[in-house]
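The block underneath contains the structure these notes are about, expressed in structure tokens.
The values are calculated or read from the model by the stated rules, or taken from the named source; none is laboratory data. Keep in mind that this is a model prediction, so the values were computed, not measured. Here the Cβ positions follow ideal geometry from the backbone for every residue, glycine too, while neighbour counts run over all protein chains shown.
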Amino acid sequence: MSPTAPPRTLIVAHRGGAALFVENTLAAIDGAYGLRGQDRVDGVEVDVHLSADGAVIVHHDATLDRMTDATGPVSARTAEELGRVHHEDGSVVPTLDEALSHWPDDGSVISIELKRDHQRRRHPGLARAVVRQLTTRGLGHRAYLHAFDWGYLDELQFADRHLRRAGNVDAEAIQAEGSFAAVIVHLLGLGVRDINIDHRLMTEDLIRVCHDAGLCVTLWTVNDDEDIARYVRAGVYAIATDRPDRALALRAEYAQTLPQDLDVVTDRLYLCPITEHHLPHLARLLDDEQTVRHLLNKQRQLDATRRWMTLYEAQGWGMLTVLSRTTGQCLGRVGFNLQPDVAGRDRVEIGWVIDRAHTGLGYATEAAQALLDQARARGWFDEVIALILPDNLASIRVAEKLGMSLEQRVPRFGYDEVLVYARAV
């Protein structure tokens, strides 16, 4: 059995990389993405407030005093007035609309923290305004929206229930909830599947607790080399850091220690056996209604993930995690599964699920074709099928690209009609 690799921890430039650039500026976003190395940052985080006239403003503090040549609350000035306020590098305080145009068109993470005003109150309408700007630009699928005031999470859910939301957690939040376990229960009750937590509060045991609960873990603000290396090895989803240059270098060093003989490697993808590291990523994917709307027997899909891990060890083939070769990000899963009694006989199915943030890029076809080539080379089976709902046009196109043909229509999983596509291996 080949070794496997965890999904690569994402590196997010906190406030654009506050130890390298003037925080929350357009230059910081550009600078973070301009860092050179084996790869570049996987996202940039900014903070937002609402101006007096309802514009979304990129700025961390509720007041202007620390970072600019002005004083007083951000919310007391209009966007036009804030456009005349300068940082120490001479740049003006940007709007979110301006900032969004500086993210590259590469699928990287747009991390936005929704802040309270100078009186520690939620900005009325901030959540809706942020969602509106993301939606207008077609960037909602890349957004990671988080806040210490969890009331924002409800507002974001109301504005667009498909957006990725995270609860920010510090010592004060744990104290308010009474325990770390209560924090997890509260976040899950809000429908949140991401936790964004002060790294000083985390241990490897607590990371595993979060993973077991189906929560993806992002840690802030991780600046020390030893801490960065430790969390990269632990396989957390992401770290937010003021030193993205060091984080990228340390992640690259760690990558050199990983086994290179993964089960399947394509031009753009690693296909690896599912491990404990992958579980929270796959749980989040399978919890997204848009991603799984065409899955057959959704509950079985969720329950079967751990069973697939055991089966792969036993039989040498099965379901694999799809990882990006360029970012290490978990994109979905693909693999083989034995389907009993399909029109009178047991048959091997090939199936795929790709995160909706990465659909339309040919990943499902690339991954499935690589597995079919492996199955043929190793003589695992003579044919495969794909079970597809009639309205799942994207999967029908994938099946056809794989050389599969419609064989028959059968009732299955409570559906009156499921399409059976088949091909010889």
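Some notes on this structure:
- Among (1) buried (at least 22 other Cβ atoms within 10 Å of the Cβ); (2) in a loop (DSSP other than H, G, I, E, B); (3) basic (Lys, Arg) - the single one residue 161 does not satisfy: (1)
- Wholly within segment 203-273, helices (runs of 4 or more DSSP H) carrying at least 1 residues that are closer than 25 Å to residue 181 by Cα and modelled with pLDDT under 85: 204-212, 225-234
- Among the residues of segment 352-368, those that are touching a residue at least 40 places away in the same chain (Cβ under 8 Å) and part of a helix (DSSP H, G or I) comprise 356, 357, 358, 363, 366, 367.
- Residues that are more than 10 Å from residue 163 (Cβ to Cβ) and touching a strand residue (DSSP E or B) at 6+ places or on another chain (Cβ under 7 Å), drawn from segment 115-141: 115, 116, 117, 118, 122, 123, 125, 126, 129, 133, 139
- Segment 65-83, subset over 13 Å from residue 49 (Cβ atoms) and surrounded by fewer than 16 Cβ atoms within 10 Å (Cβ to Cβ), residue nearest to the chain's Cα centre (by Cα): 66
- Number of the exception - residue 406 against (1) crowded, with 19+ Cβ neighbours inside 10 Å; (2) touching a strand residue (DSSP E or B) at 6+ places or on another chain (Cβ under 7 Å): (1)
- One residue from 130, 185 being surrounded by fewer than 18 Cβ atoms within 10 Å (Cβ to Cβ) and either touching a Pro at 6+ places or on another chain (Cβ under 6 Å) or modelled with pLDDT of 95 or more (or both): 185
- Between 236, 217, the distinction of being buried (at least 16 other Cβ atoms within 10 Å of the Cβ) and in contact with a Cys (Cβ under 6 Å, 6 or more places away or on another chain) belongs to 217 only.
- Here residue 212 fulfils each of the conditions (1) surrounded by fewer than 24 Cβ atoms within 10 Å (Cβ to Cβ); (2) out of contact with any helix residue (DSSP H, G or I) (no Cβ under 6 Å at 6 or more places or on another chain); (3) outside the structural domain of residue 157 (by TED's automatic domain parsing) apart from (3).
- The residues on offer are 207, 239, and the sole one that is in contact with a strand residue (DSSP E or B) (Cβ under 7 Å, 6 or more places away or on another chain), β-branched (Val, Ile, Thr) and free of Cβ contacts under 8 Å to residues at least 40 places away in the same chain is 207.
- Of all residues in segment 94-132, those being touching a helix residue (DSSP H, G or I) at 6+ places or on another chain (Cβ under 8 Å), of a type outside the set (Lys, Arg) and free of Cβ contacts under 8 Å to residues at least 60 places away in the same chain number 7.
- Checking every residue in segment 334-353 against the condition of being loosely packed, with under 15 Cβ neighbours inside 10 Å, more than 18 Å from the chain's Cα centre (by Cα), assigned by TED's automatic domain parsing to the domain that holds residue 277 and of a type in the set (Val, Ile, Thr) gives zero matches.
- Any hit, segment 330-341, residues being in a strand (DSSP E or B) and charged (D, E, K, R): yes
- Taking segment 1-113 and the helices (runs of 4 or more DSSP H) fully enclosed by it, the elements with 1 or more residues that are β-branched (Val, Ile, Thr) are at 26-34.
- The single condition among (1) in contact (Cβ under 8 Å) with a residue 60 or more places away in the chain; (2) in contact with a strand residue (DSSP E or B) (Cβ under 7 Å, 6 or more places away or on another chain); (3) under 22 Å from residue 122 (Cβ atoms) that residue 54 does not meet is (2).
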